[in-house]
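The values are calculated or read from the model by the stated rules, or taken from the named source; none is laboratory data. Small disclaimer: the values here were computed from a predicted structure and weren't measured. Please note: Cβ atoms are built from the backbone with ideal geometry, for glycine as well, and neighbour counts cover all protein chains shown. What goes into the accessible areas is simple: the full protein's heavy atoms, side chains included, and nothing from ligands, DNA or RNA. Shrake-Rupley method; radii C 1.70, N 1.55, O 1.52, S 1.80 Å.
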Amino acid sequence: MKKILIIVFIFLSTLTYAQLTSKEEVAPDLVAKREKEKKEITESYLNLKNSLLVSDSLAVVKNAEALKNSLKNFKFKKLSLEQMSEATKTRKEIIELSSAVAATKNINKQRKIFESLSAKYWSQAAKFKPADAALHLQVCPMTGATWLSDSKEIKNPYYPKNMLTCGEVKASL
């Protein structure tokens, strides 16, 4: 009986030590890695939007590819099974839309696909956004098209030549 108690005590001690060291040593590295992944996703989206602002269809292709690649390896955390399923489905749709943007060099087609991509992206933006970043959902009142920005200043990626400052902030994270 004493041997069993000693084995149980050693097991529990080892388990407790492993949990403490994992929280102290591993967790900060994992948190930093995750924040880096979120920052990469957010920056890729914002770079894509900014490429549309200057009507650079080749940069749009490059940034759409970067967004697609940064999303592929991202894993959602702390979600229920239902939330995980929905988030994974939406991420897949965003990846497909990014691929569609990258597949064309026609800036007007890119903008049209980006409209759908932005709506999908907003639904998961809280999961992709780094802790130190702010994102603002902006909308074009003429078309209802939305996009995300890291600034409250309006720069409409759908009509940059005619209505660059047309729009409003609808929500913020």
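Annotations for the structure displayed:
- J(HN,Hα) series, the stretch 91-105, from Karplus relation 6.51 cos²θ - 1.76 cosθ + 1.60, nearest Hz, glycine and proline x: 4, 4, 5, 5, 4, 5, 5, 4, 4, 5, 5, 5, 7, 10, 10
- Residues 147, 122 ordered from highest to lowest accessible area at a 1.4 Å probe: 122, 147.
- Rounded to whole numbers, the Karplus 3J(HN,Hα) couplings from phi for the stretch 127-141 are 7, 8, 6, x, 4, 8, 10, 10, 10, 10, 7, 10, 9, 8, x Hz, using 6.51 cos²θ - 1.76 cosθ + 1.60 with θ = phi - 60°, and x at Gly and Pro.
- Our helix-only sum for the chain, with -39,500 (n - 2.57) per DSSP H run of n ≥ 4 divided by its residues, gives a mean residue ellipticity at 222 nm of -21500 deg cm²/dmol.
- Taken over the alpha carbons of the stretch 117-173 as equal point scatterers, the Debye sum produces base-10 log I(q)/I(0) values at 0.19 Å⁻¹ of -0.62.
- Just so you know, the averaged projected area of the alpha carbon convex hull for the chain sits at 12.5 nm².
- Under the convention that each Lys and Arg Cβ holds +1 and each Asp and Glu Cβ holds -1, the size of the dipole of the chain around its Cα centre is about 360 debye.
- Part-to-part distance (alpha-carbon centres) for the stretch 36-53 and the stretch 100-147, which is given in Å: 10
- Two-site FRET efficiency, residue 105 against residue 77, from Cβ-Cβ distance with R₀ of 25 Å, rounded to 0.05: 0.10
- Largest mean-square fluctuation among 39, 78, 152, in a Gaussian network model of the chain whose springs join Cα atoms under 10 Å apart, belongs to 78.
- Residue 150-residue 10 FRET efficiency (beta carbon distance; Förster radius 45 Å; 0.05 resolution): 0.30
- Long-range HN-HN contacts of residue 171 with modeled amide H, under 5 Å: 137
- The angle separating the long axis of helix 27-53 from the principal Cα axis of greatest extent in the chain is about 10 degrees.
- Computed about the Cα centre, the dipole magnitude for the stretch 119-161 is approximately 120 debye when only Lys and Arg (+1) and Asp and Glu (-1) carry charge, each at its Cβ.
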